[in-house]
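> For reference, the structure I am asking about is given below.
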Amino acid sequence: MDRVVTNVTPAIERALQVPFIDLKSQQRGMHEEALGAISKVIDSMDLILGPNVRAFEAEFASYCRARYAIGVGSGTDALYLALRACGIGPGDEVITQANSFVATAEAIVMAGADPVFVDIDSATYAMDPWLLEAAIGPRTRAIIPVHLYGQMGDMDAIMEVAHRHGLVVVEDACQAHGAEDRGRRAGGVGDAAAFSFYPAKNLGALGDGGAVTTNSRSVAENVRKLRDHGSFQKYQHELVGMTSRLDELQAAVLRIKLRQLDSYNALRRAHARTYEELLACTNVELPAVRQDASHVFHLYVIQTDHRDRVRATLADRGVATGIHYPVPIHQQAAFRGIGRVVGDLPTTERVARRILSLPMYPELQPDQLRYVASCLRECAEVANGI
Ligand SMILES: *Cc1c(COP(=O)(O)O)cnc(C)c1O
């Protein structure tokens, strides 16, 4: 059918629609290379824990400045396997934050342990290290700080409390590939760290995938065994494990994308700077980047008292937004009666009502950024002086 004649130019048409994420345009940039790598794997039929998984593990460990990386089935499995490899199990308590994707707490429960939720810092959304002491009880064995939205938690303060109390630290780095805190990369600071390669993450596969990183040889060996039925040698099972191996096809794709990760992250940071300049004159709260931290902006999250109205106005004008996450984990139906809440989590609950995630991905175009910002500036609720 012929195109209906309209007076809307292609540039304006694009500006009228800003999707929340655009995975197709990233794929376009690497499509031929990915097809080539996939086709080589199929030719070899070396499909489980083959040469691409081994090579990706070495390359990703080196990228995170960790001694070991072990490819697993998903970020959730990476959290679960990291906890189990560190000896966390039934009867243990694991301190974490409730403003995360549900997987953080799910992995604790899957390991047989009980989650304990502490409140957060309202500017950085990170676990408040000063609240940790009050959360520690006789059964506490581990802490999972979440490097939420792409910024690492205050790892010096968290590691100090952990060392003083003999606790294990597992970083939830599922949103923080390449983030840094005082020169150290996410994944290389705690006893172990979990990464997700879900397609929308900063380093995303063409399906599910994940990895555990660690500097400990014994933790690495335990994860290697647990992901493959507790076994190093066929039919010799030393631990009760599972099947959770990074797929060889996904590893082949991830090796290509890992080489682009720093440039993807640099684009995200540049877009964040543009938003900051364009939104400086509004009364929305912009993301706070901690001193000595390198934020990789998995998400660009603002706060406003008028979140729902602002979100509806943006939607009317073709700008898609998200809320990460609207219901804190301790208030989810699945977690009723599970774990412990320290204090009432007033900050966690307050930010859940105020947060709004703007479109953020490397392929965002300057005119799209300007359009999002101008739509936001035109919301009466966020214009200054109102
Ligand atoms: C994505 C994510 C996970 C889970 O990763 P999957 O690969 O989807 O299992 C865990 N924690 C956080 C903070 C995440 O963003």
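The values are calculated or read from the model by the stated rules, or taken from the named source; none is laboratory data. Since the model is a prediction, treat every value here as computed from it, not as a measurement. All Cβ positions, glycine included, derive from the backbone under ideal geometry; neighbour counts span all protein chains shown.
> Going by the conditions given, is Q291 surrounded by fewer than 20 Cβ atoms within 10 Å (Cβ to Cβ), in contact (Cβ under 8 Å) with a residue 40 or more places away in the chain and away from the ligand (no atom under 16 Å from the Cβ)?
no
> When only residues in segment 294-328 that are assigned to a loop (DSSP other than H, G, I, E, B) and buried (at least 19 other Cβ atoms within 10 Å of the Cβ) count, which is farthest from the chain's Cα centre (by Cα)?
T304
> While we're on this one: Of A205, A200, which residue is over 17 Å from I95 (Cα atoms) and in contact with a Pro (Cβ under 7 Å, 6 or more places away or on another chain)?
Just one listed residue meets the conditions, A205.
> Further question: Considering Y300, Y275, Y264, which residue is closer than 12 Å to I355 by Cβ and either touching a residue at least 24 places away in the same chain (Cβ under 8 Å) or β-branched (V, I, T) (or both)?
Of Y300, Y275, Y264, the one residue that is closer than 12 Å to I355 by Cβ and either touching a residue at least 24 places away in the same chain (Cβ under 8 Å) or β-branched (V, I, T) (or both) is Y300.
> Hey, G187 hits all of (1) within 25 Å of E221 (Cα to Cα); (2) in a helix (DSSP H, G or I); (3) in contact (Cβ under 8 Å) with a residue 40 or more places away in the chain but one; which does it fall short on?
(2)
> Tell me which of these A98 doesn't satisfy, since it passes every other one: (1) of a type in the set (G, A, S); (2) closer than 26 Å to N215 by Cβ; (3) touching a Phe, Trp or Tyr at 6+ places or on another chain (Cβ under 7 Å).
Unmet for A98, out of (1) of a type in the set (G, A, S); (2) closer than 26 Å to N215 by Cβ; (3) touching a Phe, Trp or Tyr at 6+ places or on another chain (Cβ under 7 Å): (2).
> Whether any residue in segment 242-249 is part of a helix (DSSP H, G or I), at pLDDT 95 or above and crowded, with 19+ Cβ neighbours inside 10 Å is what I want to check.
yes
> Among (1) in contact with a strand residue (DSSP E or B) (Cβ under 8 Å, 6 or more places away or on another chain); (2) within 11 Å of the ligand (Cβ to nearest atom); (3) assigned to a loop (DSSP other than H, G, I, E, B), where does F101 come up short?
(1)
> Please go through segment 190-199 and give me each residue that is within 12 Å of the chain's Cα centre (by Cα) and either more than 8 Å from the ligand (Cβ to nearest atom) or not in a loop (DSSP other than H, G, I, E, B) (or both), ordered by number.
Within segment 190-199, A193, A194, F195, S196, P199 qualify.
> Which one of the conditions (1) buried (at least 19 other Cβ atoms within 10 Å of the Cβ); (2) closer than 18 Å to R182 by Cβ; (3) not polar (S, T, N, Q) does Y125 fail to meet, given that it meets all the rest?
Just one mismatch for Y125, condition (2).
> Taking segment 157-182 as the search range and keeping residues that are charged (D, E, K, R) and touching a strand residue (DSSP E or B) at 6+ places or on another chain (Cβ under 8 Å), which one is surrounded by the fewest Cβ atoms within 10 Å (Cβ to Cβ)?
Among those residues, the one meeting the criterion is R182.
> Do we have S122 as under 30 Å from D262 (Cα atoms) and either part of a strand (DSSP E or B) or away from the ligand (no atom under 16 Å from the Cβ) (or both) here?
Yes; evaluated as a whole, the condition is true for this residue.
> Check off (1) modelled with pLDDT of 95 or more; (2) of a type in the set (A, V, I, L, M); (3) more than 19 Å from the chain's Cα centre (by Cα) for L254 and give me the number that stays unchecked.
Single failed check for L254: (3).
> Among what's in segment 200-235 and is surrounded by 24 or more Cβ atoms within 10 Å (Cβ to Cβ) and assigned to a strand (DSSP E or B), pick the residue that is nearest to the ligand (Cβ to nearest atom).
Of everything passing the filter in segment 200-235, G210 is nearest to the ligand (Cβ to nearest atom).
Rundown of residues vs (1) under 22 Å from F101 (Cα atoms); (2) modelled with pLDDT under 95; (3) in contact with an Asp or Glu (Cβ under 6 Å, 6 or more places away or on another chain), yes/no style:
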| site | (1), (2), (3) |
| --- | --- |
| A193 | yes, no, yes |
| R217 | no, no, no |
| E221 | no, no, no |
| R224 | no, no, no |
| S231 | no, yes, no |
| Y235 | no, yes, no |
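> Counting only residues that are assigned to a helix (DSSP H, G or I) and away from the ligand (no atom under 11 Å from the Cβ), which one in segment 140-159 is nearest to V301 (Cα to Cα)?
Per the stated criteria, the residue is M155.
> Could you list, in sequence order, the residues of segment 164-184 that are near the ligand (Cβ under 10 Å from one of its atoms) and either of a type in the set (A, V, I, L, M) or in a loop (DSSP other than H, G, I, E, B) (or both)?
A173, C174, Q175, A176
> Does segment 135-146 contain any residue that is crowded, with 24+ Cβ neighbours inside 10 Å, of a type in the set (S, T, Y), out of contact with any Phe, Trp or Tyr (no Cβ under 7 Å at 6 or more places or on another chain) and at pLDDT 95 or above?
No; the residues of segment 135-146 include none that is crowded, with 24+ Cβ neighbours inside 10 Å, of a type in the set (S, T, Y), out of contact with any Phe, Trp or Tyr (no Cβ under 7 Å at 6 or more places or on another chain) and at pLDDT 95 or above.
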